[in-house]
1. Applying the selection to segment 283-304, what residues are under 25 Å from Tyr396 (Cβ atoms) and either open to solvent by less than 70 Å² (accessible area, probe 1.4 Å) or among the hydrophobic types (A, V, I, L, M, F, W, C) (or both)?
2. Determine if segment 244-259 includes at least one residue that is among the hydroxyl-bearing types (Ser, Thr, Tyr), part of a helix (DSSP H, G or I) and either in contact with a strand residue (DSSP E or B) (Cβ under 9 Å, 6 or more places away or on another chain) or outside the structural domain of Cys376 (by TED's automatic domain parsing) (or both).
3. If a residue must be open to solvent by 30 Å² or more (accessible area, probe 1.4 Å) and either within 16 Å of ligand 3 (Cβ to nearest atom) or not in a strand (DSSP E or B) (or both), how many such residues does segment 264-282 contain?
4. Can you tell me which of Asn369, Asn312 is over 30 Å from Phe253 (Cβ atoms), out of contact with any strand residue (DSSP E or B) (no Cβ under 7 Å at 6 or more places or on another chain) and either within 16 Å of ligand 2 (Cβ to nearest atom) or not assigned by TED's automatic domain parsing to the domain that holds Arg252 (or both)?
5. Considering segment 195-206 alone, what residues qualify as being open to solvent by 10 Å² or more (accessible area, probe 1.4 Å) and either touching a helix residue (DSSP H, G or I) at 6+ places or on another chain (Cβ under 8 Å) or free of Cβ contacts under 8 Å to residues at least 24 places away in the same chain (or both)?
6. Of the conditions (1) at pLDDT below 95; (2) assigned to a strand (DSSP E or B); (3) more than 14 Å from ligand 3 (Cβ to nearest atom); (4) farther than 28 Å from Ile162 by Cβ, Ala304 fails just one. Which one is it?
7. Give me the pairs, please: first residue somewhere in segment 15-39 and surrounded by fewer than 13 Cβ atoms within 10 Å (Cβ to Cβ), second residue anywhere and in a loop (DSSP other than H, G, I, E, B), beta-carbon distance under 9 Å, and either six or more positions apart or on two chains.
8. If you go through segment 332-376 one residue at a time, how many are out of contact with any helix residue (DSSP H, G or I) (no Cβ under 6 Å at 6 or more places or on another chain) and outside any loop (DSSP other than H, G, I, E, B)?
Amino acid sequence: MALEQLPPEPTAAMAALRLLHIEADDVDALKLKLTLREQLPADSTVDHVSNLDEGLEVLNSSVYDAVLVGLAAADTRSLDTIKHFTTEVDDTPIIVLSGDTDQRCAVRAGRSGASAFLLKSGLTGAQILGSLRQAMHVHTYDGELPERRKEPRYTLETTAVIYPIEDDGKPGREIAATTADVSESGIVVLADQDTDLVPDICLLGVQCPDSVYRYATVEWRHRRLALPSVRFGGRFLRRTDDPLHVSRLTPRFDTRSLRFKTPMDAAAVQEWVARGILQPVLVDRVKVCPQCEAIPTFRDGCPACGSALTENSKLIHHFACAHIADAAEFAGESVSCPKCRAGNLVVGADFEHLAGTRNCTECEWNDTNLAMIGECLKCGHRFHGQEAIDKDVFEYYVDRLDPLALIDRA
Ligand SMILES: [Zn+2]
Ligand SMILES: [Zn+2]
Ligand SMILES: [Zn+2]
């Protein structure tokens, strides 16, 4: 809870933020925009949507540093939705901006998993920024490592390995390194490497005390010659800019290709898996088109031509003469039996309807059992259900480095 006003801090030290603002009230949305205008770090963006459902949809396809949710008074339904949010939308911090001054609302907001609860009335940009900073565990330093000496750093000498992240998202050639020190927000390593060959964003594997390698995405902010090595100082990337963020490794239904795929390029994913860094976890198995592997729809249809347009023929059983034939043969001015010629037959008394066979209206097929027919939404290919290919859907994990755990044990 951050109900009290936090002291303003310089904003130049913070990286640009990507915020999502969910607010139904257009006036409140505009107010917030004006409140934040001068406060946010340069190049920050605030996207606005007007309801939670829309917000959830946006969060499914984009990564934000934090979400601001405006609530009207006594809006408990939205708090329930936020609870759903905090379980659905991994770790995006949520800050509730409430029009409700009731203390109980703040308590409920806390229970919903929101990182902070602020009152809309009298809201200042500094308050919001303070809450954001707390929620995101943002540490301020002006981009140069010496500034980080203000916060605790711990000497830590252990084996590490740098994996450059290439422009196409694939891992580059591994570079052996040794850690020098670590803080909650960054790490310094030594490597015998031409700095030109080390891109700004790399994955760093650190051998932890249990001898397992754990990984963090690091942005190098500082390279300094420390003969015979180079000292690389970097900050941990936690969200928006992390090419290996969980949101890029979770399969989604891609509406363009009509397949399940991860936002990260499949070839890059395979490369990281081959290096043993991404761990695949089977999350689903879906039936896909045998021709193009896109998602089909399935229906009961004609086993001969695959058409869904089939109909049941109706039979009539004439009790008196025991004749059974297609209902059409009994049709006329009145229902009359084609065999014994009896007319004016009454259903129930003289005859009954029986279910006959199924006919395909698009081909000559006529039998009893329909088949499961798939039709590909992408290429239109029609096929028997059993021809569909079972495709495994994987999610990927990186064994993440927890700098705090490392510090505790260093
Ligand atoms: Zn297909
Ligand atoms: Zn047919
Ligand atoms: Zn008859």
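1. Val283, Val286, Val288, Cys289, Cys292, Glu293, Ala294, Ile295
2. Initially, segment 244-259 is screened for residues among the hydroxyl-bearing types (Ser, Thr, Tyr), giving 247, 250, 255, 257.
From the residues that got through so far, the ones that are part of a helix (DSSP H, G or I) too are 247.
Going one step further and asking which of them are either in contact with a strand residue (DSSP E or B) (Cβ under 9 Å, 6 or more places away or on another chain) or outside the structural domain of Cys376 (by TED's automatic domain parsing) (or both), we end up with 247.
Yes, segment 244-259 contains at least one residue that is among the hydroxyl-bearing types (Ser, Thr, Tyr), part of a helix (DSSP H, G or I) and either in contact with a strand residue (DSSP E or B) (Cβ under 9 Å, 6 or more places away or on another chain) or outside the structural domain of Cys376 (by TED's automatic domain parsing) (or both).
3. Total meeting the criteria: 9.
4. Numbers: Asn312 fails: out of contact with any strand residue (DSSP E or B) (no Cβ under 7 Å at 6 or more places or on another chain).
Step by step, each of Asn369, Asn312 is checked, and only Asn369 is over 30 Å from Phe253 (Cβ atoms), out of contact with any strand residue (DSSP E or B) (no Cβ under 7 Å at 6 or more places or on another chain) and either within 16 Å of ligand 2 (Cβ to nearest atom) or not assigned by TED's automatic domain parsing to the domain that holds Arg252 (or both).
5. Asp196, Asp200
6. Ala304 satisfies every listed condition except (2).
7. Filtered contacts from segment 15-39: Asp26/Ser50; Glu38/Thr11.
8. 17
The values are calculated or read from the model by the stated rules, or taken from the named source; none is laboratory data. None of these values were measured; they are calculated from a predicted model. Methodologically, a virtual Cβ is constructed for each residue, glycine included, from the backbone with ideal geometry; neighbour enumeration extends over all protein chains shown. With ligands, DNA and RNA removed, areas are computed over all heavy atoms of the protein, side chains included. Shrake-Rupley method; radii C 1.70, N 1.55, O 1.52, S 1.80 Å.
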